[in-house]
């Protein structure tokens, strides 16, 4: 190490050393001639003799210099210089190779940065490795049946190949974990996002705004070891009934509304019109335990009873005792020295006993879920479940692109190595070691890869911005914080170096294995048929076949995604998406209480209808695509229909959404609280329940528990319209007025059918709502078309990215094909000249070249068509209205690939056909 | 048997370093003086090629066995003076031991009679 630095210093002081050496040698000459003069020689003679004695000064200097510097470092500098010179002399080659590498590396870095943000990054808390998440597993789909201990839930259960899994628990389970887990867990804490806090109406200094909240148990912040940015966090004592209501706000919210983190503690704010005191601010990097939720406000769990008090679906104190209602998520911290497996072993058995006590009958007892203690360092995985699979698909795609780019550059290098045979043979015969030459060639390829990597990082930055926008526009509530951190940069660097080695090594090894005499004698155009060239041809052909095969796979995938998207776009909606403005309001969160809510909405609807240009106004509990609630509804005398879905709506809903009526009438203004209860059913419900009979005038019973809550007369039959998403089958649906009794509604989505662009009405809508109630914030303002596009966002993203990637892959593969064929044609100029001199037609020559391309392409297809059929199964879950083996997508992909390949081969083929036999033969 | 001694002796590979180190043991001096000293003490049998002297000096310097500085020569000219470093002194001792062993061994093999006679 010491000598390394000394040598580095010498490199820096090189100029001074040169001067020193010159002076030193000059001194030697002077001294020598002085002595000679002293021996009696004449001045001239003495000087000449001294010069003679010293010998070749340049050589002396050269030899001395060789002792100064660290040889390998100097050789590296030499190699780099030589490589840079070679690259400058082959600008087109360098640009092409570096560009394809840059695209490959850039695409990989982009996708990796998202994978990194999503899957690999730990929660920004102390010692994340000791955090665990508690989950239950059960037989696939068991939770959907009545024979399961979970009778109610607020959250998600995921079904996968191994069964159903969820991180939801009833509150008593949390108390059980605290008690039973004391031996293995130092902290057990819980949090949730029930509907009470998902959207909070925040009033700070008289200004209303919307915020997202998280309910956390008293030991949540302590368990996560989070340190507040200012003030204090929530304590155990805050989390009980009757405690003074406190809140911890996010750093962003404190900056935006509370005058910064330092001023926030102590301020009073209104949350859903209830007074809370801000006690502290969370640190800026903290985003809660689930990356999918980025809460603005953290509230003690028990405040949900305050918040839910006014809501008929709100939380109650009873929820804390309910053993079969699953609504909280539980995390824990392992005691030091306890492993995951030990914790699992300690908890599984006792949980089994505990959960058995919550079963209400033998069927439930036979179907108990099992506990799993799983790694929690990266927090909860809602986001991962949403995005990891598409990201893995993308990662595979970009990996393929990089493979194609690498093999492409390898091919270019092979072709160039062949044209550098003479140079390399000369160097080897002059005594350069094979390793030395390989090292020099590798330096060239690694330098190229590093150049590609640098541009790749640049592409990655653009790609990350683009992809963030694409993902965010898809789901506004989800943020992935992808950025260029050292993980990502390290991966990009490693990728560059690795690719440089990969595509450089084979050509370098092969081009230094030469028969020197033959190579030096060899004239450029004469055939290079021989053992070595056979090896080279087969390598480059293999690479080309691989590229074609991968490109086809990607084309097929792109085809399937594009078909899926177009299927979704052309899906029959059953309503008219054009010129509809949607927005949500919540009178209860703005402080209104029953029975004032329904009249307020009715009044608001009339005000909105008077906006000039608004043709129809209606309202419903949710938008049609966001719908998804069910309630027991029966035809008298038949059992409740499980699949029935409901939508409570306001007057003119069908007219506003332009859902055609098949019979009867729409809900009108005359249907109000107190008038006879009515309902409208969709076609599917009519067919399922009434067959060919006329449903008009028949009655439906809506149940509240065991009591009939509403007896509704069917007054209309509507054509089937989408309900709850584009991909789902249209279920049997019952529409009924929102204000005719149980169940009551709080938040409502208004729909305005406008003349012209709906977004131009946003301002007047805001003013109108403000006039009706200044405390009423609007959320989710969007057009119906935007909502539909959002529903298709994942498909749109996949289709556009995959198409872009496939085209990229195709372009790179075609460039490779073109390059290789051009080289082949150049190499066979002599042979082609002879053929033509002997009477071969130009057309035959073109065919001869194209045949080679066609054979390569066909071999590639023969490999990749079966591969495509197999791999397409992995993306089946992303497809809609098309099968993985969709023949049309396959045919289009094959056609595109073949035409592109033949096009890439046609240019060199034309060039071959233009060879003038006389010129070619003279060349020989 | 009389044989004319050779006018010049080719330097054996690696011996130049040893000669330089040994010369410098007497005190710091410059390249030209080192060459002349070796030539003179070997009774002109050893002629140091300037083409190998300076690379050798710089190599020894890079190895840290000798150090160099610019000083004024006897005649008042700027000259690059080399002197032995402690590491060089140690190196000289090892090399000298090796050389003695080597030359004794060569002597034993080449002139067994001399040995027997003694």
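Nothing in this text is a laboratory measurement; each read-out follows from the coordinates by a stated rule. Keep in mind it's a predicted model, so treat the numbers as computed, not measured. Every residue, glycine as well, gets a Cβ built from its backbone with ideal geometry; the counts of neighbours run over all protein chains shown.
Eigenvalues of the Cα gyration tensor times 5, then square-rooted: what semi-axes does that give for segment A:550-647, in whole angstrom, largest first? Before the final figure, lay out the partial values.
Details: eigenvalues 286, 117, 39 Å².
Equivalent-ellipsoid dimensions as semi-axes: 38, 24, 14 Å.
Placing one identical point scatterer on every Cα of segment A:772-818 and ignoring solvent, what is log10 I(q)/I(0) from the Debye formula at q = 0.14, 0.29 Å⁻¹? Debye intensities relative to I(0), on a log10 scale: -0.58, -0.97. The mean of 1/r over all pairs of different alpha-carbon atoms in segment A:700-800, once inverted, gives a Kirkwood hydrodynamic radius of 17.5 Å.
Taking only Cα atoms of segment A:759-881, what ratio of Rg to Rh do you get with Rh as the Kirkwood inverse-distance radius? Mind showing how you got there, number by number?
On the way: Rg = 28.8 Å, Rh = 20.8 Å.
Checking Rg against Rh, the ratio lands at 1.38.
Going by how many other beta carbons lie within 10 Å of each one, how would you line up A:564, A:803, A:357, fewest first? Kindly include the intermediate steps, with their values, before the conclusion.
On the way: A:564 25, A:803 18, A:357 11.
Exposure proxy ranking, most exposed first: A:357, A:803, A:564.
Considering every pair of different Cα atoms, what Kirkwood radius, in Å, is found for segment A:245-335? Could you put the intermediate results ahead of the total?
Values: mean 1/r = 0.0674 Å⁻¹.
It works out to 14.8 Å.
The alpha carbons of segment A:118-233 give a radius of gyration and a Dmax of 17.4, 52 Å, in that order.
Out of all Cα-Cα pairs in segment A:570-725, roughly what percent, to the nearest whole number, are more than 22 Å apart? Write out the running numbers ahead of the final one.
On the way: 5501 of 12090 pairs.
When every Cα pair of segment A:570-725 is considered, 46 percent fall beyond 22 Å.
Take every Cα-Cα pair in the protein assembly as shown and report what % of them are more than 45 Å apart. Before the final figure, lay out each step's value.
On the way: 307001 of 542361 pairs.
Beyond 45 Å sits 57 percent of the P(r) for the protein assembly as shown.
Could you quote the convex hull projected area for segment A:341-380, Cα atoms only and averaged over all directions, in nm²? If you can, show how the numbers build up before the last one.
Details: hull surface 13.9 nm².
Its Cα hull, projected and averaged over all orientations, spans 3.5 nm².
What percentage of all Cα-Cα pairs in segment A:658-754 are separated by more than 18 Å? Walk me through the numbers before you get to the answer.
Values: 2403 of 4656 pairs.
So the portion of pairs separated by more than 18 Å is 52 percent.
Between the Cα long axis of helix A:762-772 and the first principal axis of chain A there is an angle of about 30°, rounded to the nearest 10.
How far is the Cα center of segment A:91-159 from the Cα center of segment A:304-358, in Å? Using only Cα atoms, the two centres lie 25 Å from each other. Against chain A, whose longest principal axis is taken from its Cα atoms, helix A:793-827 shows a tilt of about 20°. With an a/c value of 1.5 or above and a/b larger than b/c for the gyration tensor axes a ≥ b ≥ c computed over the alpha-carbon atoms, segment A:61-171 is described as prolate.
Average the reciprocal distances over every distinct pair of alpha-carbons in segment B:14-118, invert the result, and give the Kirkwood radius in Å. Mean inverse Cα-Cα distance, inverted, gives 15.1 Å.
Ranking request for peptides A:99-107, A:767-775: highest mean number of other beta-carbon atoms within 10 Å first, then the rest in descending order. Each step should come with its number before you reach the end.
Values: A:99-107: 26.0, A:767-775: 14.9.
For the peptides A:99-107, A:767-775, the packing ranking is A:99-107, A:767-775.
Note on B:44-51: average number of Cβ atoms from other chains within 10 Å of each residue's Cβ is 3.
If one puts a single equal scatterer on every Cα of segment A:44-109 and applies the Debye formula without solvent, what log₁₀ I(q)/I(0) results at q = 0.15, 0.16, 0.23 Å⁻¹? Those come out to -0.73, -0.77, -0.97, one per q. Once a ≥ b ≥ c are taken as the square roots of the eigenvalues of the Cα gyration tensor of segment A:177-263, is the result rounded (a/c under 1.5), prolate (a/b larger than b/c) or oblate (a/b not larger than b/c)? Prolate is the answer for segment A:177-263, as a/c is 1.5 or above and a/b outweighs b/c. Working note: 222 nm ellipticity from helices only, DSSP H runs with n ≥ 4, each -39,500 (n - 2.57), summed and divided by the residues of the protein assembly as shown, gives -17000 deg cm²/dmol to the nearest 500. When each of A:916, A:707 is scored by the number of other beta-carbon atoms lying within 10 Å, the sequence from fewest to most is A:707, A:916.
Ratio of Rg to Rh for segment A:598-638, alpha carbon only, Kirkwood? Please list the in-between numbers first.
Values: Rg = 15.5 Å, Rh = 13.1 Å.
Taking Rg over the Kirkwood Rh, I get 1.18.
Taking the square roots of five times each eigenvalue of the Cα gyration tensor of segment A:335-460, the equivalent ellipsoid has semi-axes of 61, 19, 14 Å, listed largest first.
Take every pair of alpha-carbon atoms less than 8 Å apart whose residues are at least six positions apart; their mean separation over the length of segment A:566-700 yields a relative contact order of 21 percent. Cβ crowding within 10 Å, taken as a proxy for footprinting-reagent exposure, orders A:430, A:817, A:402 from fewest neighbours to most as A:430, A:402, A:817. Between 0 and 90 degrees, the angle of helix A:43-54 with respect to the longest Cα principal axis of chain A falls at about 60 degrees. As a length-normalised measure over Cα pairs under 8 Å and 6 or more apart, the relative contact order of chain A settles at 14 percent.
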